[in-house]
Amino acid sequence: MTTETVQHITLDVRGMTCDSCAVHVTKALKSVPGVSEVDVPSWQSAQATLKASSDVPSEALVTAVKEAGYRATVKARRELQPTSQDGDSASQDYDLMVIGGGSAGFAAAIKGAELGKRVALVEASTIGGTCVNVGCVPSKTIIRAAELHHLAGHHPFQGAVRLSAAGDWGAVITQKDELVTTLRQAKYIDVLAAYPDITYLQGRAKLLGDNRVEIAPVGNNATPTVYTPGKIIIATGAKPWTPPIPGLEEAGYLDSTSALDLTERPASMIVVGANAVGLELAQAYARFGTKVTVLEVMPVITPFEEPEISEALTGYLREEGLIVEAGVTISRVDRNERGYRLTAERAGETLVFEAKALLMATGRRPNTRGLALEEAGVKLGKRGEIIVDEQLRTTNPYVYAAGDVTGRDMFVYVAAYSGTLAADNALNGSGRVYDTSVLPRVTFTDPAVAAVGLTEQQARQAGYEVKTSVLPLAYVPRALANRDTRGLIKLVADATTDHLLGAHVLAPDAGEVVQPAVVAIKAGMTLQDLIDTFFPYLTMVEGLKLAAQTFEKDVAMLSCCAG
């Protein structure tokens, strides 16, 4: 058996604009003598990785790419462990291998690079993960377009102008796709190119035990490569999940991903699931003219929020023409040429719902299939989530996990936080503890829902003596000026110490309003501290101060800006 010295080389490649460009660059690099493997994940990646003999000059690689019509810069060359000429798997000495190229994975990889470590970032699908590709970014831009359409006077099912053609909807989808492409390039591909210590590997990962990982290239029959990084972080995210309902799989359905890609807007739609994703998309489609029916198995919509918020939001959605039915259990789904027919039960009564389209927004489950985690000593929970301790360590001492794959707090900003924390703990042994005790959440309906801290029920269950205040937005001067008093603010406080325990907001831009309450709870502030804090007049956030005053005063008896 003979061996040779082999290097792993990373190049930045500029000028690629389509899939064919990636093919041209691959062929150009393969034509250089001494190059054994080339991987150009996609034209969007703006990167090529290859294996080559150590005596292959960088100039030869740059020249080959230039002659193909593109620009290349060699970013990194690293020695690999000797590779067998008879085809055995190679092993590469990365300090950290991150599996998953979304928010958690990128945060972990960047932290590793900042620590001066050699990092491999592995992604089997599109770089950027859920948020930029099929989650936060596309959904929020569609929601905003629907809001503007609504504010412009297009109020379906209320006797006003009805959107009659799919052309406007198609334009929104096109604009959404353009924004996704722009942000994926700016926030992921370009960011990755700025870190030469991060090597991007396009492939499917499989754990082999201890710290061994097999990476199988995507889209070709190349032999998988086995790596032995110092530490591994699993950050493969989550995907839409549906319960086992008779007839559902046969009928087919939309999920939160495919619902954002429809180029033709359906005339009617049933949305199953009335939490954040379901309600956001339901209202957006309804505002563009789709007749929407929302079904929820729990007794109320937004079941994890305060009951005052659930009740009020239900009324607002119904005023816009949405049909909202809670406490409904679906027993069967059928589909024919006319559309979908859902049979359901509620309190012993059989209900039937029909529509042209069906969107299942019933939650998400971690992406752990195919990774051979349990075989590698990584324990999984009943929903497929990776079990981790407070430092994000798994039951395999070489493996950590971060983001949605742990089944915890499925928010993109938490994923980024946990990716950084996992990398710091894995590489530095920092012992940092995962802490989301003061975690805000937002549902981007209109009005929006935002909350932080404990609900009234949670506070009582935790043993607090509780007091609460509920302030309708009709008492907030900015809401009056806006001519939109939909919504309320509810505060939950410790009746013994006066400390703020929770803040719950139903209002336009509720996510902005709730943030001072996040700081207040984190800092251990009391209601009097809030009252003594300056809040600018004619802002929605002033409502927090007014809600705090409501515990002791009738705010209707206060003058403007009253302290």
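Here are the numbers:
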| quantity | calculated |
| --- | --- |
| Residue within region 312-329 that is among the polar types (S, T, N, Q) and in a helix (DSSP H, G or I) present | yes |
| Residue check for L254: hydrophobic (A, V, I, L, M, F, W, C), surrounded by fewer than 18 Cβ atoms within 10 Å (Cβ to Cβ), touching a strand residue (DSSP E or B) at 6+ places or on another chain (Cβ under 7 Å) and more than 30 Å from V452 (Cα to Cα) | no |
| Count - residues of region 536-563 that are surrounded by 13 or more Cβ atoms within 10 Å (Cβ to Cβ), without any contact (Cβ under 8 Å) to a residue 24 or more places away in the chain and part of a loop (DSSP other than H, G, I, E, B) | 2 |
| Helices (runs of 4 or more DSSP H) enclosed by region 467-535 - at least 1 residues per element that are more than 22 Å from E305 (Cβ to Cβ) | 477-482, 527-531 |
| Residues that are of a type outside the set (A, V, I, L, M, F, W, C), touching an Asp or Glu at 6+ places or on another chain (Cβ under 9 Å) and farther than 30 Å from G377 by Cα, drawn from region 226-255 | G247, E250 |
| Filter result (at positive phi and without any contact (Cβ under 8 Å) to a residue 24 or more places away in the chain) within region 345-395 | A347, G348, G384 |
| Scope region 47-67; condition closer than 30 Å to S125 by Cβ and either more than 38 Å from the chain's Cα centre (by Cα) or crowded, with 20+ Cβ neighbours inside 10 Å (or both); matching residues | Q47, A48, T49, L50, K51, A52, L61, A64, V65 |
| Subset of region 357-403 that is closer than 28 Å to I110 by Cβ and of a type in the set (D, E, K, R) - its residue that is nearest to the chain's Cα centre (by Cα) | R364 |
| Residue in region 165-209 that is nearest to G102 (Cα to Cα), counting only those that are part of a loop (DSSP other than H, G, I, E, B) and aliphatic (A, V, I, L, M) | A194 |
| Failed item in (1) at pLDDT below 95; (2) crowded, with 22+ Cβ neighbours inside 10 Å, with E264 passing the rest | (2) |
| Unmet criterion (only one of (1) closer than 19 Å to I189 by Cα; (2) buried (at least 22 other Cβ atoms within 10 Å of the Cβ)) for A28 | (1) |
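The values are calculated or read from the model by the stated rules, or taken from the named source; none is laboratory data. A quick note: this is a predicted structure, and the numbers were derived from the prediction, not measured. Because the Cβ atoms are built from the backbone with ideal geometry, glycine has one as well, and the counts that use them run over all protein chains shown.
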